[in-house]
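Heads up: the structure comes next, in structure tokens.
Only the coordinates and a few stated rules stand behind these numbers; no lab work does. Every value quoted in this text rests on a predicted model; they were computed, and no experiment measured them. Here the Cβ positions follow ideal geometry from the backbone for every residue, glycine too, while neighbour counts run over all protein chains shown.
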Ligand code: SF4
Ligand code: SF4
Ligand code: SF4
């Protein structure tokens, strides 16, 4: 999910709590890697749970700023519903994420689904610096030595949009997945 939609979600909640990642605890051994943002309907709930649950209580503004910074680092945002359509939390993942590993790296079964968008490069603006390639967790960006620019494989793109923050030339934009002739039915 792109950062713009994360901001829209955060704008509608009253409280945000940041917790240590379960996945990173398992995959890296780090017990205090805090990339999970729980959304509550009432900040009094967060306050009531307090320190005993190892929670950090953030204001909406603090949460948005923190997640924007994660976006610049290339961490992919996803929402998790604990009973759809209720959104229980926002995750910010890289390849340490167990959902990423199960879905993408090992291809066992889908836990993490794609966003409503697909990224594309403006070939007239791209200078081939490759910054965006390092940012993409899904290997969807390919460099053309012939044309000295990059192209995005719509089939591989998850629509997270974090490649945009690595591009200093504003050469990458998202468009609607459903209107993409290649990626419309790939979730
Ligand atoms: S899905 Fe991502 S942010 Fe959420 S707990 Fe796992 S690694 Fe952490
Ligand atoms: S190319 Fe697609 S999957 Fe890769 S970072 Fe950009 S939007 Fe995300
Ligand atoms: S970061 Fe921008 S300019 Fe550099 S290769 Fe990617 S799209 Fe092109």
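List of remarks:
- Set the Cα radius of gyration of segment 117-179 against 2.2 N^0.38 Å, with N its number of residues, and you get 0.99.
- Using a Förster distance of 35 Å, the FRET efficiency for residue 14-residue 124 (Cβ separation, nearest 0.05): 0.20
- Length-normalised contact order for the chain - Cα pairs under 8 Å, 6+ apart - percent: 20
- Highest mean packing first, where packing is the average number of other Cβ atoms within 10 Å per residue, the peptides 70-80, 1-11 line up as 70-80, 1-11.
- As a ratio to 2.2 N^0.38 Å, the alpha-carbon radius of gyration computed for segment 77-187 takes the value 1.12.
- Compactness check for the chain: Cα Rg over 2.2 N^0.38 Å is 1.09.
- Mean shadow area of segment 3-105, taken as a quarter of the surface of its Cα convex hull (nm²): 6.7
- Per residue, the average separation of C-alpha pairs within less than 8 Å and at least 6 apart gives segment 3-105 a relative contact order of 30 percent.
- Taking the C-alpha atoms only, the angle from helix 60-72 to the longest principal axis of the chain is near 30 degrees.
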